[in-house]
Amino acid sequence: MSLHVGALERERSPLSELDGSPASGGAARKSIVRQAFNPGSTWTASDEVEGEDSPSWHSLSYGTPAGQRDEIAAGREPLLGAAPSRRPLDGVVRFMQRACALAIMSVLLLIECVPFGLAFFPASWERFPVPRALGIQMFLLSSALAQAVFALSSKFEVGTGLMMCENIPFMTQIATDVRAQLAAQGREDEALPTVLAAYSLSTLLVGGSFLALGHMRLGAVIALIPPYIILGCIGGIGVFIVQTGLEISTGVPFNWQLDTLRTLCSAQTGALWLLPLGLSAALRLLSRLVRSPMLTPLFFVAIPLVAHAALRAAGRSLAEPRVRRWFFEEAPTPDWWLLWSVYRHGSIAWDVLPSQLGTFGALTAFSLIHVPINVPSLSMTTGTLADIDGELRAHGVANLLSGALGCLPNYVCYSNSALYYKCGGGGRGFSAALALVLGAAFVAGPTAIHVLPRCMAGTLLLHMGVELLREAIVQPFARLDRIEYTAVVLIAVVMTSAGMAQGLLVSGVLCLLTFVLQSSRVPVVCKVAHGASLRSSAWRNIAEIDVLAAHAQRLYLIGLQGALFFANFAQLSGAIDAAIAKSRAADAAAGAAPRGHDRRIFLVIDMSAVTTLDTAAAKALEKTCAELRELQLAHVALVLPTPPKGGCEPEHDPAYSHLFRAARACAAAADARVSASSSASARGAQPTAALPPALPAEWPMLHIAHTVDGAVAWCEEVMLGRTRARARADALGASAGGVLRGTSSANSLEAMLLAVAPSSATRGNDSPRLRDELLAWFAPRTVEEGTVLWREGERSEQALVLLDGVLEAVDEAGAAQRTDVSGCMLGEFGLITGEHRQNTLRALCGCSLYELTRERWVQMGDEAPRLAFVLACVALKYAGNRLHQVAFSALHSSSAVPV
C-alpha cells in the first residue's frame, strides 16, 4: 500500500481550545479571535502566511481523491489510499489504516493520562494516603467509559472520548478547599473519600445538565455566552496549566510566595523546568516547519526514548536521576479497585460538601460550553451530519455513568478526534476497541510511570498552557475592543488569584458591565432634524404655511435607535437641552424676547427604532416630559415602536404604560382648562391668562402618536391654534395614515381650491361658486364594496373626488394605502399627463364619488380653460405633496394618495 501526505482542507473549530487535548500542544488549537465565533469558517494550509503563528497539526491525507471527499460529505466511509473504484484489497488497506490509527490514538491517550492524572490532586497535599497513580486510573476509566458510550451512540465513528482536562483547576480547588476544612477540624483522614465523593457528585451534576439540555433541545445555548468571556476563562486555565507544569516538572508545589519563587529559580530546580520549557519552544518551532499531524504525538513519544538512550550511553541507572527529580518516583502499583476501596462506611464528610456548591455550579457551567462548540466543528471536519441535542444526550449518559462509578467529567475531544480521522481511523468496532484498550490500561495500572521523565509531562503541560495564554491573552490584544480585552485579563487574573469559581462569577459581572459600557458608547440619538425640514402630509393653505414657517425654529425631531436604558439616557437629555438652547439662540438672534407660552418649543421624539426600553429609562423619560410640562418649555409628541406580530401593544407594555398615563393626565388637564375658561366666559369674566392665538392653553403638553407624520401633524395643529373640537386627535394615537382625523375640512375640495388656485383664477369668485363650476364637470357616482375603480398598468381614464367612504390603493409590491378623507382628489395626475396607473384602486365599502372622465377633461380644456388651469394647479399641489413625502421618507411615514 502506498501512502502519501496530501493537502486536504482542514475545517477549524471556533473555540477548539476547549477540547483539552494536550497532544495538540495548544498550537493545534484554532484561534478564537481569528474565527470570531463563526463555526462555519474554514481554514487551509494555504491560509497560513509564512512567519505567522500556525497550528502544530495540519491535514494528513492518505491519497484521498476529491471524489472520496464527496463521499465523506455524503456521510459515507472514505477509502483512503485507494482510487474511487473499489479494488480487491481495499478492505485490507482500510483495515490496516484503521489499525494504525488505533495504535497512534492509544499511545497518545496513554501519554496524556500521566500529566493530567497526576494533576487532579494538588502537589501541596504531601502526605497523600494512597499512590498518586489513583488520578491516572480515574483519568483512564473516565475516558474509557466516554469512549464506550460514544462508540455506541454518537454519530461520529471517529469520536474520541476524553476526561475534561479543562476541569482540572476546578478539581484541584475542590481538593484544596475540602482538605483545608477537614484538616482544620482534625479530620484529615476523611479528606480523600470526601474529595472523591465531591468529584463524583460534580460529574453527576454535569451529566444531568447535559441530559436536560439535550432533552429540551437547547444545544444553541452557547450563543448566549460572549466569546471574550470564554477567552478569559481559557486564559485562567492556561495560567493554571503552566503552574501545574512547573509542579510536575520540579516536584515543588507552586505558589506566588517569594520563597517558592526563589526555589524555582535555584540552579538545580531551575534546570528541571527550563528543559521542558525549551522542549516546548522546540516543538513550536518544528510545528512551523513540519506540516504533519503526527509531529506532536511522535515528539512526546521520542522524549522518554531519547532520555533512556542518553542514560544507557552514559552508563547510568535511573536511581540518581530519580533522586535529582528528573524521573518520577518509583511507587507501588495500585490495585485496579483502589478507587472504590478508598470509600469506607462513615468516611465521607457530607457536612463539608455544601460549601463546594459554588464550585460545582461553576464547573458545570464551564463544562456545558464544550459540546455546542466541538460537535459542529467535528461535523465539518468529518463531513458527518450530527444532531447537537443527540450528542448532548450521549454526553449526559457518559457523564452519569462516570459519576456513578466515582469518576470525572468527560466529553468528545475535538483535536484527538480530528487526528484520529486524519490518520484514517473510523468504524464503530475500532472505536469500541479503543475503549477496551483504555479499560485494559486501567486494570493493568500505571506500571510504567516510574520510567518516564518528568520533562515529558512538564513539556506537554507547559506547551499547552503557553499556547492557551498566547491565544487567549496575546493574540486578542490587537483584535478585541479595549473594554473586552480588559475583561479577559481581569477574568484570568481572578481565576489565578482567587479561584476558578470566583473567576466565573466575576466573568458574569464583567459580562453585564461590558455590555453596559459598550452600549452606552453607541449613539442612541441617531438623528436631529429642524422644523424647516419637517412637514406633515396634512394639507395646508398658504396662510397656514406662513404660520408654520414662522414657528419653524421651534420644531425639532429627535430620532432614537437601539437600546435606551439608564446608561445612555443622558444622550437624549443632552439632545433636548441642545434643542431648547438652539431655539433660544434663534429668538435672541431675531431680536425677539418670547415670554410665557411663546417660549415653548415642539419636540417630536421618534422611538420607533428603539428596540428595548428599561424601567429606569422609562421613568427618566416620564420625569423629563413632566419637567418640560411644568416649566412650560415644550410640547412633546412621542412616536412609540410598532409592536411585533403577536407582541404586546405599547399601551400594555410596562415600560410604556407610564407614558400613556401621563398623556391621559395631560389631556384631562387640558379639558379642565377649557371647561374653566368656558365657565368664566359664560359668567362674563375674563380668562385667567391671555394667551397668543397660535398657542392656546387647551392643547395638552404631551401627545403619543403611532407615526412621525402623525406627531409632526399634531405639532403643526398646535402651532396653528385650531379648536380642539375640530382638530385635536385622541391623546393616545393618530390615525393609521398619519393625517389627523377632524382635519378633513383642510382636505376638502373647497379649502384645497382656496389653497392651490392662483389669485388670478379666483379673483371675483367666492369659493362656493368656483367649487360649483368645477364640480359641474364631474358626474356623481356610487360604487359598492369591492368595486375595482382601476387596475395597475391601465390607461388613466378618470379622476375622482371622494365624498364618503374608504378607498384603498395597492401597488405591485403589495403596499396598501387607504384614503377616507372627504374632498380628497384621486387619479388627477394620470388623467392630465396621460400616464398609466401605478396602482390598483378599490372600494373597501360603499363610496360616494364625483368622477371626471377623459372626454370631459378634454372638453373642459376647450370650453373652460380657466377651470382646467385650476384643476392643473390642484394636480401640481398633489404632486408637490407626494414629492415632499418621498424626499423626507426617512422622517415621515408613507401616506401618499393614489395617482
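Below, the figures for the structure above:
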{"quantity": "Set Leu401, Leu419, Leu392, Leu438: member being in a helix (DSSP H, G or I), modelled with pLDDT under 90 and of a type outside the set (Phe, Trp, Tyr)", "calculated": "Leu419"}
{"quantity": "Close pairs (9 angstrom Cβ cut-off, 6 or more residues apart or separate chains): within 24 Å of Val858 (Cβ to Cβ) and in a loop (DSSP other than H, G, I, E, B) in the range 791-815, of a type in the set (Phe, Trp, Tyr) and at pLDDT 90 or above anywhere", "calculated": "Ser796/Trp790; Glu797/Trp790"}
{"quantity": "Close pairs (8 angstrom Cβ cut-off, 6 or more residues apart or separate chains): closer than 13 Å to Leu140 by Cβ and among the small types (Gly, Ala, Ser) in the range 444-459, crowded, with 19+ Cβ neighbours inside 10 Å and at pLDDT 85 or above anywhere", "calculated": "Gly445/Ala133; Gly445/Gln137"}
{"quantity": "Matching helices (runs of 4 or more DSSP H) fully within the range 447-541 where at least 1 residues are at pLDDT below 85", "calculated": "454-469, 500-521"}
{"quantity": "In the range 516-537, the residues that are over 27 Å from Val712 (Cα atoms), of a type outside the set (A, V, I, L, M) and surrounded by 15 or more Cβ atoms within 10 Å (Cβ to Cβ)", "calculated": "Ser519, Ser520"}
{"quantity": "Qualifying residue in the range 331-342 (condition: open to solvent by 20 Å² or more (accessible area, probe 1.4 Å), acidic (Asp, Glu) and either more than 50 Å from the chain's Cα centre (by Cα) or closer than 21 Å to Gly207 by Cα (or both))", "calculated": "yes"}
{"quantity": "Of all residues making up the range 816-853, the number that are part of a strand (DSSP E or B), open to solvent by 40 Å² or more (accessible area, probe 1.4 Å) and of a type in the set (Ser, Thr, Tyr)", "calculated": "3"}
{"quantity": "Subset of the range 247-262 [polar (S, T, N, Q) and either under 22 Å from Met495 (Cβ atoms) or open to solvent by 60 Å² or more (accessible area, probe 1.4 Å) (or both)]", "calculated": "Ser249, Asn255, Gln257, Thr260"}
{"quantity": "Top-ranked residue of the range 552-574 - restricted to ones that are open to solvent by less than 30 Å² (accessible area, probe 1.4 Å), more than 29 Å from the chain's Cα centre (by Cα) and not charged (D, E, K, R), ranked as nearest to Val516 (Cα to Cα)", "calculated": "Leu557"}
{"quantity": "Residue among Gly424, Gly499 that is touching a strand residue (DSSP E or B) at 6+ places or on another chain (Cβ under 7 Å), more than 26 Å from Gly270 (Cα to Cα) and surrounded by 19 or more Cβ atoms within 10 Å (Cβ to Cβ)", "calculated": "Gly424"}
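The values are calculated or read from the model by the stated rules, or taken from the named source; none is laboratory data. This one's a predicted model, so the numbers in the text were calculated from it and none came from an experiment. Note that we place each Cβ from the backbone using ideal geometry, even for glycine, and neighbour counts take in every protein chain shown. For the accessible areas, the whole protein counts, side chains as well, though only heavy atoms, and no ligand, DNA or RNA atoms are used. Shrake-Rupley method; radii C 1.70, N 1.55, O 1.52, S 1.80 Å.
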